[in-house]
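Notes follow the structure.
The values are calculated or read from the model by the stated rules, or taken from the named source; none is laboratory data. Source: prediction; values computed, not measured. Cβ atoms come from the backbone with ideal geometry, glycine included; neighbour counts cover every protein chain shown. Side chains included, ligands, DNA and RNA excluded: accessible areas come from the protein's heavy atoms. Shrake-Rupley method; radii C 1.70, N 1.55, O 1.52, S 1.80 Å.
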Amino acid sequence: RAPMLWRDLVKTGGINQYVVQDVVPPKQLPSNLRFKAALRSQGPLCILEHFDTGYSVLQHFNSVEPGVKEDTLELCQTMCGCFCVLSGMNKYLSSIFDLNRLNNHALPLAQGKKGKAAGEGMLQWDSERETVLQALVQLLQLDIRSLWNLSLVEEEFTSCVTCCCYKLLENPTISHVKSKPTRDGIIHLLGVLIKKYNHLLGASVKVIQLLQHFEQLSSVFAQAVSVWSTEYGVRAIIGEVVREIGQKSSEELAREGSGVKAFASFISELGGLVPELMIPNISVLITHLEGESHTMRVAVCEVLGEILVRVLCGDSLNDSGKADRDRFFDTLQEHLHDTHSHVRARVLHVYTRIVNSKALPLCRYSEVMELAVGRLMDKSINAVKSAIQLLAAFIAHNPYSCKLSSADLKKPLEKEMSKFREMKEKLEGKISLVFPLHRNAVRLCIRAYGRFPESEMFASLSTLTPETLMETMALIFKGKACTQFTLGISVQRFSSNKEGADGELKKQEMLVQYLRDTETFALQVERAISVINTMLYLKTTSVVQEAVQFCVTVCEFSVANSVSGVRKMLPLVWSTDTAIKDAVVQAYRRLYLNPQGDTIRMKAQTLVDSLSELMVDASLGTIQCLEEIEFFGTGSNLQSTVVQVLWERFTGKRETSALNRRAAVLLLGMAARAEREVVLSNLDTLCSVALGEKVTEDFLLARDTVITICSITDHVRLSKGAPFRLPQDHQLFTCLTQALAEGVVMENPYWQSFMEQAVRVIYFLAESPDQLCSRLLQRSARLLLDQIVEGGEVNRDPGQMNCVCLAQLLSLCGCVAFWQISHLERSVSAELRRRRGVTEEREEKLKGPSSKQTANESAMEEELGLVSASAEDTEAELIRKICETELMNLLCAFLPLLVKVCSSPGRYSHPQLTTAACLALSQYMMISPSVCEENVRLMFTVLERSSLPVVRANAVIALGDLTVRFPNILEPWTQNLYARLSDEVPSVRQTAVTVLTQLVLKDVLKVKGQVSEVAVLLIDPKPHITSLALNFFNELATKDNAIYNLLPDIISRLSDPERGMSAEDFNTIMKQLFSYITKERQTESLVEKLCQRFRTAKTERQWCDLAMSLSLLSMCERGFKRLQECWECYSDKLTEPGVYQPLLSITAKLRRGAKPQFKAQVDEFEKRLTAVHTRGLENVESPEMEEENQRDGSSEKTVMRQTKPSTSSHGDDSFVTPRKSCKSKKPVITFSSDEEEEEEDAVMADSETPKVTTPIARTSRRARLRN
């Protein structure tokens, strides 16, 4: 018989009890431990002779040498493995020794390098632990009951083993991959104990306890419980553990903290491992859905999702299973509206998994889809992303149609519905013929059902059959046996013929319902697309990435309007966020660079077709974006085949449309960016096909061809060598000049765009392009004069034709002037620098290396640097001189004509002529400061007085460019530019805010009070203008203190009575602007500034606006203190409700979460506000309230007497100017910023300050300015 404790072995016991005779000292253990020979000869029974030695190792375990421990362990393991049936002494000693080793090494599972160095001579415990655990498992699987009385294993022995296991589980690294053998050994060891040694209850309690303290054990115990319940058949363990967690109250979970996360993770992972075993216990967990812990709600919802995906799915469910499934789905749908954003996001994620697994019933598609579209408006970023993922899953796995378009489904639905109605009417007619004696009754019965479909009497007619009609008739005519008999005979006659027609009607009804569901689904998808397309330009990178992936998904499934999102995201290739740019590039390559086909030729054809869809009617901006994606690489067989197919389409060798020809030539231009020879070697082909004799028939093809030719220029390729230019007599320039000159005297709406690109490529590629363009202008003018003399074309009004041709000539002049300036300042200047660099480099080589390094040589290098800088200045001066003199000599002939057309709008009223003249004049003004200064007044006159919105919009853009080029000349006219922000035409306002945004953000224009005009656009009726204004302030807020310095002036301008802005619009604007004030010091300073402006405010409306502005600030304790200090500024205005209510709302905000001491100050301030506000209402109050007000008034006087005499303490004479105190000097009121390093404060000028003020004593303006 084995004792309870191993230490009891040294005590003399009773009969049949093991006793240790001699405990060997530690020093003699190495010699006495050598009984391997006895083990080989006697087997495990040798332990009977050498048991005292093994016991002595246990007795002196902490003091013996490591080698002794290792030898003992090895012997014990050998004895455990020798025979399946061991002697009791052997089993006892082996188990005790193994447990002792486990106890002593339970915590240091993973030793570092120092631990390894310190344990020299010992076997690595990590490698031996698995062996020990396996030995214990083998030991416990044997029948060891004979070691104890009554053949019952003592609980203490079981506890000794389990404590060891749980001690090992407490190690932080037990969940790591490297600890998997140990983890699996512990799980199986505990599984044996639970199954054979009645450890079920203890294991469930221990699981709960360890989860409360060790969060990392959630995955370990989830795996353990699943193994125990499946491999060992102990399913009750799940019920015990889940019941313990389910009985946890919200208060207990709130106290446990990290334990809640462990419980939630455990439940979630366990549901993923054994979802079928969680169903009987799910009712216990559902109670947590009503609790306060959102983590537990998420876990329960994830368990429900796993059950729905893996258990309650398919059509083979019984009625009970379907009821459970519907109940679980209802629960999940409820938590799509959960109060916590994390729960909403995770439930959406669960639904995504359900949809991807095709486990969502068809009847719930529409409802869940609608909820997902609604979650797109969620405030939580994670919920929005999850909603987008769910919608993408719906589209990818939709059971309706491969092409979802509500417009395409409308006609088939109407057709099938009409067919269904005809079949139904025909069947009803047949039924009426069956009952000739009761035809009227049948007809009335059917009409009554149509009139009262919800009536219980006609409930059976929801499916119109002879049987249901008989039942309804019997119910109506109850008691008339003859009627029932007649109906029964009629039914029997008709039943055989009715079955076929009724089956066809049901099929048709199912088809109609399918088309209805498909149309509803398509409409929801289109609604989702419109919402998600607006998210492409949000600031949150992850949401934009999800939106891009959604656009790709809907495009792959050919959903209606899906191309709109793909095109809308194209400008994101210029995003500064690398993640967004890469997402867009990968999306386009996935959509358009995955051709399908058996051969390379077929793949090339498919690729060209897909890319041509992008290029059809693409704008120049779209083409530039597509060029950034770099569709074409180099060196592949597919690449060369694609280029060949494009040339075939362009030249007309293969029949194709005009749009596809233009797309082909644009794609060739993209290919030329990667390899110039694609276009350069075929330049003659381009000229002969698109720029030859038939160029006037298709100016669009000619324009796109010129764009393609431009891809071989140095401006696109950024070459640093000698410039690549073609001679003037090249075929390209001959064709271009001829086409431009002939097009001037033609009326073609596409000539203008062709002309702009043609002049551009002349200046990029031609040698001496100014000479070419000079001859071009002379030739064009001569042709126009000849046409005027001849009287124009036949059957055409000569005057109108001359105006159009003159407008085209002026447009050509302006375009030449613009590109001539660009040529001088970019190409010529760059070439001068390059030649100077080459010359200096040649001179350096001729001088040779210098052998001495002296101070004189370093001085010479500095001097050379000055000479280089002087050379750059000389080159810039040379270009400016050319612009002033020689360039004007070239173009001055047309300047008087431009001025005359622009200054005489009554005489030259043709819209195209006026537009062209104004644009050309602005381009001429770019030439030199003198031309700009002479015509700037005329240009602003056109800006303000022109009746054409396009002229005003063009003038705004041109004046913006002139402001960048000549800021000193345009600076006095800044106010006129801001005035266009209030233009009556939305397109002009949009242009103005775009131009001013660029000028302000690039520091070309100094931010002044006129920014209030931009603030007004925050309430513009056009959403795109509102978004531009919002973007302006978002960017302006990134500049230090910009909005903070401007706010007081903006408030003064917007609250001006002459503007007439409503209070609601003012509040909307201020809410947005005050959202940018986040610093505590800014808030404190603004409180003072706004309070001071109460004194200069003239009207009650201005008082209300200032009070409302104060209430919008995120008031802090320091700001509140400053508000109290400025009591005199606004106390006399508190009788107005519009002033009192906003200030009262400030106290309500400050009271939330305030400390008791500060809360008392807020309460006192609120009493003062109320006392002053109610002073004018004393006559309508009760005597008790009057006494209370008098007490409040006396206490207020006492308080104010300690600081300053208040203007509100004089009753009816509250507006009397108080006398100056001789004892204390009144503080000077200043409007300067608190931070000396910040920008200068936006202070109203003296001329802008209202002169009529409230008569309150103030320091003089001179004193304020001096301070």
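Numbers below:
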item: One residue from K1121, K1149, K1098 being touching a residue at least 60 places away in the same chain (Cβ under 8 Å) and surrounded by fewer than 21 Cβ atoms within 10 Å (Cβ to Cβ); result: K1098
item: Test result for L444, surrounded by fewer than 17 Cβ atoms within 10 Å (Cβ to Cβ), assigned to a helix (DSSP H, G or I) and at pLDDT below 70; result: no
item: Enumeration of residues in the range 1006-1021 that are open to solvent by 60 Å² or more (accessible area, probe 1.4 Å) and either part of a helix (DSSP H, G or I) or under 15 Å from Y978 (Cα atoms) (or both); result: K1006, K1008
item: Number of positions in the range 1056-1088 that are hydroxyl-bearing (S, T, Y), over 17 Å from L1017 (Cβ atoms) and open to solvent by 10 Å² or more (accessible area, probe 1.4 Å); result: 1
item: Condition check for R796: more than 20 Å from M926 (Cα to Cα), among the charged types (D, E, K, R), more than 53 Å from the chain's Cα centre (by Cα) and modelled with pLDDT of 85 or more; result: no
item: Condition met for A658 (within 39 Å of the chain's Cα centre (by Cα) and either more than 29 Å from D770 (Cβ to Cβ) or of a type in the set (S, T, Y) (or both)); result: no
item: Residue ID - farthest from M423 (Cα to Cα), chosen from residues in the range 441-473 that are of a type in the set (D, E, K, R) and more than 54 Å from the chain's Cα centre (by Cα); result: E471
item: G272 in a helix (DSSP H, G or I), of a type outside the set (A, V, I, L, M), in contact (Cβ under 8 Å) with a residue 24 or more places away in the chain and open to solvent by less than 30 Å² (accessible area, probe 1.4 Å); result: yes
item: Close pairs from the range 1083-1095: first touching a residue at least 24 places away in the same chain (Cβ under 8 Å), partner among the basic types (K, R) and assigned to a helix (DSSP H, G or I), Cβ under 7 Å, at least 6 apart; result: E1084/R1118; E1084/R1122; V1087/R1122; E1088/R1122; F1094/K1133
item: Positions within the range 898-940 being open to solvent by less than 10 Å² (accessible area, probe 1.4 Å), among the hydroxyl-bearing types (S, T, Y) and in contact with an Asp or Glu (Cβ under 9 Å, 6 or more places away or on another chain), in sequence order; result: S922, S928
item: Residues within the range 964-976 that are touching a helix residue (DSSP H, G or I) at 6+ places or on another chain (Cβ under 6 Å) and not aromatic (F, W, Y), tallied; result: 3
item: Test: residue in the range 259-267 that is open to solvent by 10 Å² or more (accessible area, probe 1.4 Å), in contact (Cβ under 8 Å) with a residue 40 or more places away in the chain and either touching a strand residue (DSSP E or B) at 6+ places or on another chain (Cβ under 6 Å) or closer than 21 Å to R346 by Cβ (or both); result: yes
item: Unmet requirement for H1024, which otherwise passes all of (1) surrounded by 18 or more Cβ atoms within 10 Å (Cβ to Cβ); (2) out of contact with any Leu (no Cβ under 9 Å at 6 or more places or on another chain); result: (1)
item: Scan of the range 1040-1060 for residues that are among the small types (G, A, S) and part of a loop (DSSP other than H, G, I, E, B), ordered by number; result: S1055, G1060
item: Single condition L887 does not satisfy, out of (1) open to solvent by 10 Å² or more (accessible area, probe 1.4 Å); (2) part of a helix (DSSP H, G or I); (3) of a type outside the set (V, I, T); (4) at pLDDT below 90; result: (1)
item: Residue in the range 554-565 that is modelled with pLDDT of 85 or more, open to solvent by 80 Å² or more (accessible area, probe 1.4 Å) and of a type in the set (V, I, T) present; result: no
item: Filtered residues of the range 185-205 (kept if over 17 Å from L139 (Cβ atoms), surrounded by fewer than 19 Cβ atoms within 10 Å (Cβ to Cβ) and not polar (S, T, N, Q)); result: L200, L201, G202, V205
item: Residues of the range 146-160 that turn out to be modelled with pLDDT of 70 or more and open to solvent by 80 Å² or more (accessible area, probe 1.4 Å), as a count; result: 3
item: Selection status of T696, buried (at least 22 other Cβ atoms within 10 Å of the Cβ), in contact with a Gly (Cβ under 7 Å, 6 or more places away or on another chain) and of a type outside the set (D, E); result: no
item: Residue within the range 1084-1098 that is more than 13 Å from I1146 (Cβ to Cβ), outside any helix (DSSP H, G or I) and among the β-branched types (V, I, T) present; result: no
item: Scope the range 965-975; condition assigned to a helix (DSSP H, G or I) and either over 20 Å from Y924 (Cβ atoms) or not polar (S, T, N, Q) (or both); matching residues; result: R965, P967, I969, L970, E971, P972, W973, T974, Q975
item: Restricting the range 744-772 to residues that are touching a strand residue (DSSP E or B) at 6+ places or on another chain (Cβ under 9 Å) and part of a helix (DSSP H, G or I), the residue that is nearest to N802 (Cα to Cα); result: L772
item: Some residue of the range 387-405 being open to solvent by 40 Å² or more (accessible area, probe 1.4 Å), part of a loop (DSSP other than H, G, I, E, B) and either in contact with a Gly (Cβ under 9 Å, 6 or more places away or on another chain) or at pLDDT below 75 (or both); result: yes
item: Single condition A741 does not satisfy, out of (1) in a loop (DSSP other than H, G, I, E, B); (2) over 24 Å from I882 (Cβ atoms); (3) aliphatic (A, V, I, L, M); result: (1)
item: Output for the range 589-609, where each listed residue is part of a loop (DSSP other than H, G, I, E, B) and closer than 17 Å to E627 by Cβ; result: L593
item: Residue check for Q605: under 19 Å from Q644 (Cα atoms), open to solvent by 10 Å² or more (accessible area, probe 1.4 Å) and at pLDDT below 85; result: no
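Results for (1) more than 23 Å from T656 (Cα to Cα); (2) of a type in the set (S, T, Y), shown as yes or no for each residue.
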| residue | (1), (2) |
| --- | --- |
| V559 | yes, no |
| S564 | yes, yes |
| T578 | yes, yes |
| K581 | yes, no |
| Y588 | yes, yes |
| I600 | no, no |
| K603 | no, no |
| L614 | no, no |
